[in-house]
Structure formats: structure tokens, C-alpha cells
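In what follows, a structure is listed as C-alpha cells, so that the remarks can point back to it.
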Amino acid sequence: MLRTRFGYSIVEDQSTARLLSELLQNRSLEVNRLKELIDGRNVLVVGAGPSLENSVGVIKDIRYVIISADGATEALLENGIRPDVVVTDLDGDNESLLRADRMGAIMVVHAHGDNADVIRSLVPKMKNCIGTTQVKPLHNIYNFGGFTDGDRAVFLASEFNAKKIVLLGMDFGDKIGRYSKARVRNEGLKIAKLSVGKELLEWLSTFSNAELYNASPGIIKGFMNLSLREIKRTD
């Protein structure tokens with residue numbers, strides 16, 4: 001189990017989920033906003049892997065719902081691209097996350113045992129927030145599946161019936177991208193978590209109704225590989 005493998009505390013996870021629930025009391029976005037945005041549409045999930053720097057430019061030319069995974073948000077904003085949804089446990093660039101919120105992105109904020117302080121600091125400043133957890137959901141805190149920001153973004157897109165899901169900057173390799181690296185204290189642990197994220201996506205591919213594509217380096221079982229120029233052809 002992941003809890004045993006990484007030493008997570010279910011008590012701490014639940015405690016932070018309750019904190020997030022309290023902060024979002026009477027101000028959480030309706031989860032139906034995600035369904036209205038994603039249902040039946042093509043979705044691009046953008047991760048903060050090393051390949052993102054060379055591939056981010058292609059995003060300007062495609063008409064997809066854009067879901068960014070935490071640190072990738074900074075790269076998108078730097079290139080004049082506003083994500084529609086940001087999936088984050090708030091360890092990306094804080095100002096980029098707050099800016100995306102001010103621009104109207106739906107902020108899907110994840111509570112886990114060791115991010116209570118940053119949740120307490122940033123969530124009250126956000127206006128477009130939906131909360132998630134990796135333990136038992138609460139009345140306004142959801143569990144759509146997944147483990148890291150990137151694979152949780154894919155689980156979310158699948159949960160809300162995306163027609164097609166294309167991965168970009170989701171490298172799942174042994175190198176940390178620039179937009180993640182500044183916040184990573186333990187690269188070995190980060191790489192181990194990415195490995196789990198890849199495993200979960202391969203499992204998701206066995207039951208998701210979405211068409212699944214990968215425009216990132218490497219192979220993810222169940223996802224058809226695309227070149228950057230081929231992304232438009234999945235319309």
C-alpha cells in the first residue's frame with residue numbers, strides 16, 4: 001500500500017482534509033462546474049516534466065480544455081496560456097497559483113498530511129476552489145483518484161467523462177523538470193512518486209471510457225503515443 005510505502009498517516013491526511021473543508025465552507029465551487037467544462041470534450045493534461053519547456057508552445061494552437069498539474073501552471077502563464085483547471089497540492093509557485101485563480105481557473109486543491117500550513121495560507125486567498133483528498137471524502141471534499149498532481153489530473157478528466165485525454169510534459173522519468181525542481185527537497189522520493197503515478201495511469205487505462213494519448217517522452221501502457229504535431233489530429 002502507498003501509505004506503508006511512503007509512510008503517510010491517515011490521521012494527518014484526514015485532519016488536513018477537515019481543515020480544507022472548513023476553509024471552503026460556503027465558498028467551495030460546485031463540483032458540477034468541472035462536469036460542465038470537461039464532459040464530452042478533449043482535455044490536455046499538462047505536467048511539469050523536463051519536456052514541457054520544449055513543448056509548451058504547441059498548446060497555443062489547440063482548442064482543448066487545459067488542466068495543469070501544479071508547477072506546470074507557472075510555465076503556462078509565462079507563455080501567455082491560462083489553464084482552465086489547476087490540480088495542485090500547493091507546492092508549486094505560489095504566485096502563479098494565485099494568479100491562475102485570479103484569472104478564473106478552477107483550482108482543485110488537494111489536502112494531505114504535510115501541506116496544512118500552505119493550505120491555511122493560500123486557500124483563503126482563492127475564489128475558485130474545489131477541495132480533494134486521498135482518504136475518505138467529506139461533504140465538500142472529493143476523492144477522484146490518483147496520487148501525484150499529474151495523474152490526479154488525468155483521473156479527474158476521466159471522472160468527468162472527457163472524450164479524449166492527451167498528456168503533455170508528463171515524463172515519468174528519472175529527471176525532475178525545472179518547474180518542479182525548485183520545490184523538490186528529495187529527488188529520489190519525487191521519482192518514486194512519479195513511478196507510482198505512472199502505474200496508476202496504466203491501471204486507469206484499463207477502465208476509462210476516454211481515448212487516451214501521450215505526447216510526452218516514454219511509453220505509458222494504455223496510452224497511444226503522439227508526436228506534438230499530431231495532437232491536433234485527435235480533434
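The values are calculated or read from the model by the stated rules, or taken from the named source; none is laboratory data. Because the structure is predicted, anything quoted here is derived from the model rather than measured. In this analysis, Cβ positions are derived from the backbone assuming ideal geometry, glycine residues included, and neighbour counts consider all displayed protein chains.
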- Return yes when Asp117 is under 21 Å from Leu156 (Cβ atoms) and among the charged types (D, E, K, R) and no when it is not. no
- Could you give me the residue pairs with C-beta distances under 6 Å whose first residue belongs to region 107-135 and is without any contact (Cβ under 8 Å) to a residue 40 or more places away in the chain and in a helix (DSSP H, G or I), whose second residue is buried (at least 21 other Cβ atoms within 10 Å of the Cβ) and among the acidic types (Asp, Glu) wherever it lies, and which are 6+ apart or on separate chains? none
- Message: Can you list the helices (runs of 4 or more DSSP H) lying wholly within region 144-235 that have 1 or more residues being among the β-branched types (Val, Ile, Thr), at pLDDT 95 or above and touching a strand residue (DSSP E or B) at 6+ places or on another chain (Cβ under 7 Å)?
- Response: 149-159
- Message: Return the residues of region 56-73 that are crowded, with 24+ Cβ neighbours inside 10 Å and acidic (Asp, Glu); say none if nothing qualifies.
- Response: Asp70
- Any residue at all in region 92-101 that is touching a helix residue (DSSP H, G or I) at 6+ places or on another chain (Cβ under 8 Å), part of a strand (DSSP E or B) and at negative phi? no
- For region 31-80, how many residues are among the polar types (S, T, N, Q) and within 23 Å of Thr132 (Cα to Cα)? 4
- Item | Filtered residues of region 24-70 (kept if in contact with a Gly (Cβ under 6 Å, 6 or more places away or on another chain) and more than 19 Å from Ser180 (Cα to Cα)) | Leu24
- Could you list, in sequence order, all residues of region 24-55 that are surrounded by fewer than 20 Cβ atoms within 10 Å (Cβ to Cβ) and in a helix (DSSP H, G or I)? Asn32, Arg33, Lys35, Glu36, Leu37, Glu53, Asn54, Ser55
- For region 71-114, how many residues meet the condition of being at pLDDT below 95 and under 14 Å from Ser180 (Cβ atoms)? 4
